[in-house]
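Down below is the structure, laid out as C-alpha cells.
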Amino acid sequence: MASSSLRTVEEIFKDYNARRSALVRALTYDVDDFYSQCDPDKENLCLYGQPNEAWEVALPAEEVPSELPEPGLGINFARDGMNKKDWLSLVAVHSDCWLLSVAFYFGARLNRNERKCFFSMMNDLPTVFEVVTGQKPVKDKPTVESGSKS
C-alpha cells in the first residue's frame, strides 16, 4: 500500500497491526521456517512484515532512499553465534523499532490529536518483543506527572 493512500489513523493502524502480526507469526508460529531462512552464509538479510500479514526474509531494497524505512539489516549474521531465544529476542527488538519507523513514516501528516489516538491504539497491543519473550505487558499504573501537560 503506497504511503499516499494511508491517510487516516485507522488506515495507518491497520497497516501497523498487519505488519506486526506478520512479524509475530514469523518469530513464534513459523519460527523454524524463519530460522532456516536466516542462513548466516547469505548476504545481509532483513525480516519484513507486509500489510497483508505475510512475512518475508529478504535482502534490503536496492533503491536509495527506499520507499519505506528499512528493517534491521543482517539479522542472519548473529544467528549461529547466539542462543536461539536471545537471537529471536534481538530480532524482535529490531522488528519493533522498524514497525515504529514505518508507523512514523505513514503518520508524518497526522496532527497532535491523531498521533495521540494512534499511539494509544499501538500501546494497547503488546510489542513483538513482549510476545516473543513471553513478557506480559504491565497494566497502566498511576504515574507521577512530570509537570508537562499533553
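Structural remarks
- Applying a threshold of 7 Å to beta carbon distances and a minimum spacing of six or more residues, or different chains, the list of pairs starting in segment 82-102 at a residue that is over 14 Å from R19 (Cβ atoms) and ending at one that is in a helix (DSSP H, G or I) and among the basic types (K, R) reads W87/R79.
- Those residues of segment 24-48 which are crowded, with 20+ Cβ neighbours inside 10 Å and either touching a Phe, Trp or Tyr at 6+ places or on another chain (Cβ under 6 Å) or among the small types (G, A, S) (or both), in sequence order: A26
Since every read-out is calculated from the coordinates, none of them should be taken as a lab result. Remember, predicted model here, so these are calculated numbers, not experimental data. FYI the Cβ positions are ideal-geometry reconstructions off the backbone, even for glycines, and counts take in every protein chain you see.
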